Amino acid sequence: MFVDEVRIYARAGHGGRGCIAFRREKHRPKGGPDGGNGGRGGHVILQADHDVNNLIALYYQPRLIAEDGKHGMGKGMDGAAGKDLVVKVPCGTLVWRIEPRDSVLSGPAGSDIRAAESNQTRGDVSKAGGPSGRRYAHPRGELIADLTEHGQQFILCRGGRGGLGNRNFATSVRQAPRIAQPGEPGEEGYFLLELRMIADVGIVGYPNAGKSTLLNAISRARPKIAPYPFTTLHPQVGIVEYPDYVRLTVCEVPGLIEGAHRNVGLGHEFLRHIERCKVLVLLLDMAGVDGRAPWDDYQQLLRELELYDPAMLEKPRLVVANKMDQPAAEANLAKFRRRVKVSPVLKISGATGLGIDKFKQAIRKAVEAVQPACCNPS
């Protein structure tokens, strides 16, 4: 099961209380106060990890509670700090702080409310913990972190400070204080974690355009392939390898339909996953197997991307004509070039392997043009 959104409750550890104690040793009957301090409560820390590809672990364990600090003891012994709870999440995870009343936890014991997301409003939100950029604003939340780099950490909830023991309150006037501080409570809150894939290339197209077949042809990913729409229900990521050891990540997302920008169909469930892609591949069924015209599909794809976020059209993109092994493909391609002034159009067939090598070189060249350092073998 692929989980790309989950609500959680997190609570850091409480600080240990300070100790009231007095030194009592032989030959020192009035040794004075020596109560130790309480230990700090453990933090709840999110850590981005490239070996984690979705949020399923938090789906089944949506309550994160760190260890409390130990209490102070006599003889000046401070309590041990609580152990930090480090939770690994995929690179590309956004963290939203949400209100308790809206925080029904995801998981077997709770229901994952998605109705509110269908009414999301657009907004410009500044991010903490990652590069700035335009993002969706959760209708009831605040974006507090964006974990994009492997090993990047974010303290979700800080542990409470330990209380001071009575030795800290001794003065020349009050030499035997019988007071100590309780530990401070740890921070807590409800959060929404949302995954947005980080990939070099994003493949978008209408249902049944051949996206899964193409991903299967260029990588070792094995997505489900079947001759009906919406075979792919969640993003699939494959690694394209080249002879000089360069590797590119390619993300295939579920098929787009008209109204996706309004969350029709899978809507935002997939559109958010291509926001971080460096290059977009618009894959067209040039044979018109499902009775759609390729030029109409192309215009509709651009329209949905623009309505979702105009910045999507600023990304480099490749137009790829798939299913060129079909009889009607060549005639449709000629009509497509007359109706749509776009060049070049790559001709491929994911099923037969036609043009796959040229396609792999084209996406590499496009990614290198955006970020040359990412494709230089080290």
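Of all residues in the range 313-330, how many are aliphatic (A, V, I, L, M) and touching an Asp or Glu at 6+ places or on another chain (Cβ under 7 Å)?
1
Filter the range 80-95 down to residues that are at pLDDT 95 or above and in a loop (DSSP other than H, G, I, E, B) and give me whichever is least open to solvent (accessible area, probe 1.4 Å).
Here the residue is Gly82.
Among the residues of the range 137-188, which ones are within 23 Å of Asp84 (Cβ to Cβ), open to solvent by 10 Å² or more (accessible area, probe 1.4 Å), within 22 Å of the chain's Cα centre (by Cα) and not charged (D, E, K, R)?
Scanning the range 137-188 gives Ile144, Thr148, His150, Gly151, Gln152, Gln153, Phe154, Ile155.
What number of residues within the range 10-36 are within 37 Å of the chain's Cα centre (by Cα) and open to solvent by 40 Å² or more (accessible area, probe 1.4 Å)?
Selection size over the range 10-36: 2.
Checking Asp112 against (1) at pLDDT 90 or above; (2) exposed (fewer than 15 other Cβ atoms within 10 Å of the Cβ), only one condition comes out false. Which one?
Condition not satisfied by Asp112: (1).
Of the residues in the range 320-339, how many are open to solvent by less than 10 Å² (accessible area, probe 1.4 Å) and either basic (Lys, Arg) or over 22 Å from Glu252 (Cα atoms) (or both)?
The first filter runs over the range 320-339 and keeps only residues open to solvent by less than 10 Å² (accessible area, probe 1.4 Å), leaving 320-322, 329, 333, 336.
This time we only want the ones that are either basic (Lys, Arg) or over 22 Å from Glu252 (Cα atoms) (or both), so: 329, 333, 336.
Qualifying residue count for the region: 3.
A quick yes/no check of all residues on (1) modelled with pLDDT under 90; (2) in contact with an Asp or Glu (Cβ under 8 Å, 6 or more places away or on another chain); (3) surrounded by fewer than 24 Cβ atoms within 10 Å (Cβ to Cβ):
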{"site": "Asp4", "(1), (2), (3)": "yes, yes, yes"}
{"site": "Ile8", "(1), (2), (3)": "no, no, no"}
{"site": "Gly38", "(1), (2), (3)": "no, yes, no"}
{"site": "Asp51", "(1), (2), (3)": "yes, no, yes"}
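For the range 62-77, which positions are open to solvent by 80 Å² or more (accessible area, probe 1.4 Å) and out of contact with any Leu (no Cβ under 8 Å at 6 or more places or on another chain)?
Answer for the range 62-77, where residues must be open to solvent by 80 Å² or more (accessible area, probe 1.4 Å) and out of contact with any Leu (no Cβ under 8 Å at 6 or more places or on another chain): Lys70, His71, Met73, Lys75, Met77.
Quick grid of which residues meet (1) open to solvent by less than 60 Å² (accessible area, probe 1.4 Å); (2) within 13 Å of Leu284 (Cα to Cα); (3) modelled with pLDDT under 90:
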{"residue": "Gln299", "(1), (2), (3)": "no, yes, no"}
{"residue": "Arg303", "(1), (2), (3)": "no, no, yes"}
{"residue": "Leu318", "(1), (2), (3)": "yes, yes, no"}
{"residue": "Leu346", "(1), (2), (3)": "yes, yes, no"}
{"residue": "Gly350", "(1), (2), (3)": "yes, yes, yes"}
{"residue": "Leu354", "(1), (2), (3)": "no, no, no"}
{"residue": "Gln361", "(1), (2), (3)": "no, no, no"}
{"residue": "Arg364", "(1), (2), (3)": "yes, no, no"}
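The values are calculated or read from the model by the stated rules, or taken from the named source; none is laboratory data. It should be emphasised that the depicted structure is a prediction, and the values quoted were computed from it without experimental measurement. No Cβ is skipped: glycine too gets one built from the backbone with ideal geometry, and neighbour counts run over all protein chains shown. Just the protein is used for accessible areas: all its heavy atoms, side chains included, with ligands, DNA and RNA removed. Shrake-Rupley method; radii C 1.70, N 1.55, O 1.52, S 1.80 Å.
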